[in-house]
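Below is one structure, written out as structure tokens, with a few remarks after it.
Since every read-out is calculated from the coordinates, none of them should be taken as a lab result. Predicted model, so just to flag it, every value in this text is computed and none were measured. Using ideal geometry, Cβ is built from the backbone for each residue, glycine included, and neighbour counts are taken over all protein chains shown.
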Amino acid sequence: MNYGFVTEYWPMYLSGAGVTLLLALFTVLFGFAFGILFAFAKLSKRKWLSLLASAYIEIVRGTPLLVQMLIVFYMLPTFGVNIPNLFGIAKFGDYTLVVIALVINSSAYIAEIIRGGIQAVDKGQTEAGLALGMSQSLLMRKIILPQAIKNILPALGNEFIVIIKESAIVSVVGIVDIMFAAQQIRTATYLPFEPLIVAAVIYFVMTFTLSKIMNYVEGRMKQDATH
Amino acid sequence: MLHIKDVNKSFGKHHVLKDINFHVEQGEVVAIIGPSGSGKSTALRCLNGLEVHDSGTITLDGEVLTHDNAMVLQDIRMKMGMVFQNFHLFPHMTVLENITFSPIYVKNIDKEQATQQALELLARVGLSDKAQAYPSQLSGGQKQRVAIARALAMEPEVLLFDEPTSALDPEMVNEVLQVMQELAEQGMTMIVVTHEMGFAKEVANRIVFMADGEIVEVAAAKKLIEQPQTKRAQAFLANVLK
Ligand SMILES: Nc1ncnc2c1ncn2[C@@H]1O[C@H](COP(=O)(O)OP(=O)(O)OP(=O)(O)O)[C@@H](O)[C@H]1O
Ligand SMILES: [Mg+2]
């Protein structure tokens with residue numbers, strides 16, 4: 001085993017790690033926003049809306065991310081969706097396309113997290129609120145969501161970690177993330193697997209750190225909740 | 001002031017309320033008793049629209065309960081407080097916030113006035129020192145007294161109670177019943193589903209005996225407990241009073 005290559009190639013890993021983290025971050029942010037929409041759509045009393053959201057969630061969760069990403073990446077441009085290189089970022093269009101694909105995927109999972117968090121709040125809370133004359137929206141905003149958020153946040157942190165790992169798939173369409181950097185280094189150094197092991201270590205350090213941070217935040221929230 | 005006419009309710013094929021007819025006058029305390037599964041809770045929950053009745057009319061002060069008009073429904077719910085078996089306090093709010101929330105956000109009363117009123121209510125239920133506590137820090141009996149104060153803060157015309165003492169440890173039952181008795185003496189209109197026959201007999205004006213989704217017997221409280229007329233009421237009372 002020979003890990004001497006790291007001293008020469010670490011900048012590629014570093015920028016790859018930056019790309020991975022940024023992709024995951026944007027994916028979680030937009031995934032959360034759309035996840036909220038889909039969650040409420042699924043909880044809606046309007047049958048068609050609820051069915052539509054359910055169908056979306058089931059289809060996304062029932063098909064591989066790789067397939068979803070390739071479809072988005074190759075289909076949107078042929079339908080005339082062309083994203084220019086904004087903000088002076090080379091390949092901005094490609095980044096946007098893979099984020100769209102990741103958001104399509106993660107929003108379905110996040111929608112289920114949010115819906116589950118809301119439904120886990122005791123039904124008695126809703127009844128007590130309604131009996132006090134609250135409107136549905138006041139009840140949701142001030143009674144249900146503040147309690148649901150305690151169920152949602154930990155799962156959301158977990159989803160962030162999942163996205164970091166799953167996002168490795170963007171390397172197949174040429175996005176220079178950790179995985180792509182590892183492949184390039186393999187080619188350059190003729191080392192068969194050492195660059196991959198380094199990539200694995202980087203992924204692990206990122207996810208492990210994040211999960212420790214999550215545990216800490218969760219612990220603090222529990223403390224707050226027990227007063 | 002509260003009129004219930006020909007109300008029916010089914011859960012699927014299960015006919016749970018059968019032609020319920022019934023009225024409550026202002027200042028009256030009515031106890032609803034009956035075997036488990038007879039439809040007492042369902043009847044109470046239909047009154048403030050937590051369950052949707054299938055047919056019949058429920059009228060409070062001439063206003064007909066409907067699920068088609070959110071404003072009317074909300075208005076009726078504001079006039080009808082409800083106290084649940086399991087309290088259902090809001091765990092993320094202090095006792096004071098639990099009580100002032102709806103007056104402030106639903107009735108648009110200003111915060112100071114709502115706080116003032118809440119403190120008076122807390123004094124009334126004997127919990128002045130708990131204003132800043134969270135529900136998780138209270139005993140069951142204290143929780144239920146807060147729940148009563150919370151319902152009273154909306155200044156309802158009727159208070160509905162669904163087995164308010166059934167989830168309490170025995171030593172806490174009396175503190176809650178006592179608060180309810182004081183309310184009754186102060187003229188509050190109340191409908192109380194209860195298994196506390198002593199309370200029903202002493203505090204209620206009338207008792208409604210339900211069985212199998214029907215109102216089987218209605219009479220003055222003492223009379224119904226001491227001389228039930230129907231076989232089913234006799235059997236039920238013989239069973240619970242022994
Ligand atoms: N949401 C529901 N869905 C289906 N069936 C229900 C529902 N709520 C109540 N029931 C049924 O309706 C019947 C009446 O229930 P209800 O809770 O009104 O009885 P109860 O008189 O309050 O009984 P208890 O003394 O045990 O509280 C029961 O058979 C119950 O199983
Ligand atoms: Mg009941």
Problem set entry | For residues of B:106-112, the mean tally of beta carbons on other chains within 10 Å | 1
Seminar exercise, completed: Within the under-15-Å Cβ sphere about B:Phe209, not counting B:Phe209, Lys/Arg +1 and Asp/Glu -1 give a net charge of +3
Exercise. How big is the charge dipole of segment B:1-108 about its Cα centre, in debye rounded to the nearest 20, if each Lys and Arg gets +1 on its Cβ and each Asp and Glu gets -1 on its Cβ?
Worked result: 300
For this session: Using Cα pairs closer than 8 Å and at least 6 residues apart in sequence, work out the relative contact order for chain A, in percent.
Result: 28
Problem set entry | Full-stretch length increase - A:Leu52, A:Asn158 - with 0.36 nm per residue and alpha-carbon distance subtracted | 35.5 nm
Exercise. What does the average come to when, for each residue of peptide B:83-96, you count the partner chain Cβ atoms lying within 10 Å of its Cβ?
Worked result: 4
Exercise. With springs only between Cα atoms under 10 Å, which of B:Gly56, B:Gly27, B:Gly39 fluctuates most in a Gaussian network model of chain B?
Worked result: B:Gly56
For this session: Would you work out which of B:Val30, B:Ser10, A:Phe5 lies farthest towards the positive end of the dipole of the protein assembly as shown, given +1 charges on the beta-carbon of Lys and Arg and -1 on that of Asp and Glu, about the Cα centre?
Result: A:Phe5
Seminar exercise, completed: Highest GNM mean-square fluctuation among B:Lys18, B:Lys40, B:Lys107, for chain B with Cα springs under 10 Å, belongs to B:Lys107
Problem set entry | Inter-probe distance in nm under a simple model that places probes 7 Å from Cα toward Cβ, at A:Thr207 and B:Ser139 | 5.0
For this session: Please give the FRET efficiency for B:Lys111 paired with B:Ser10, using the beta carbon to beta carbon distance and R0 = 41 Å, rounded to the nearest 0.05.
Result: 0.40
Exercise. What does the average come to when, for each residue of peptide A:133-143, you count the partner chain Cβ atoms lying within 10 Å of its Cβ?
Worked result: 4
For this session: Take the cross-link list A:Lys42/B:Lys40; A:Lys91/A:Lys150; B:Lys18/B:Lys201; A:Lys42/B:Lys143; B:Lys5/B:Lys143; B:Lys143/B:Lys201 and give me the ones stretching past 31 Å between alpha-carbons.
Result: A:Lys42/B:Lys40; A:Lys91/A:Lys150; A:Lys42/B:Lys143; B:Lys5/B:Lys143
For this session: Find the eigenvalues of the gyration tensor of the Cα atoms of the protein assembly as shown, then list the square roots of 5 times those eigenvalues as equivalent ellipsoid semi-axes, largest first, in whole angstrom.
Result: 60, 24, 19
Exercise. Most exposed first by the Cβ proxy, i.e. fewest other Cβ within 10 Å, how do A:Ser167, A:Ser211 rank?
Worked result: A:Ser211, A:Ser167
For this session: Within 10 Å, count the other beta carbons around each residue, average over each peptide in A:105-116, A:62-73, and list them highest first.
Result: A:105-116, A:62-73
Seminar exercise, completed: Rounded to one decimal in nm, the spacing of the 7 Å Cα→Cβ label points at A:Gln184 and B:Lys242 is 8.7
Problem set entry | Distance in nm between pseudo-label sites at B:Thr230 and A:Leu29 (7 Å out along the Cβ direction from Cα) | 6.6
Problem set entry | Rounded FRET efficiency, nearest 0.05, which uses the C-beta distance separating A:Tyr74 from A:Ser15 and R0 of 25 Å | 0.50
Seminar exercise, completed: Per the Kirkwood formula over distinct C-alpha pairs, the hydrodynamic radius of segment A:6-226 in angstrom is 19.5
Problem set entry | Electrostatic dipole magnitude of chain A [Cβ: Lys, Arg +1; Asp, Glu -1; Cα centre; debye, to 20] | 760
Exercise. Between Rg and the Kirkwood Rh of chain B, both from Cα atoms, what is the Rg to Rh ratio?
Worked result: 0.97
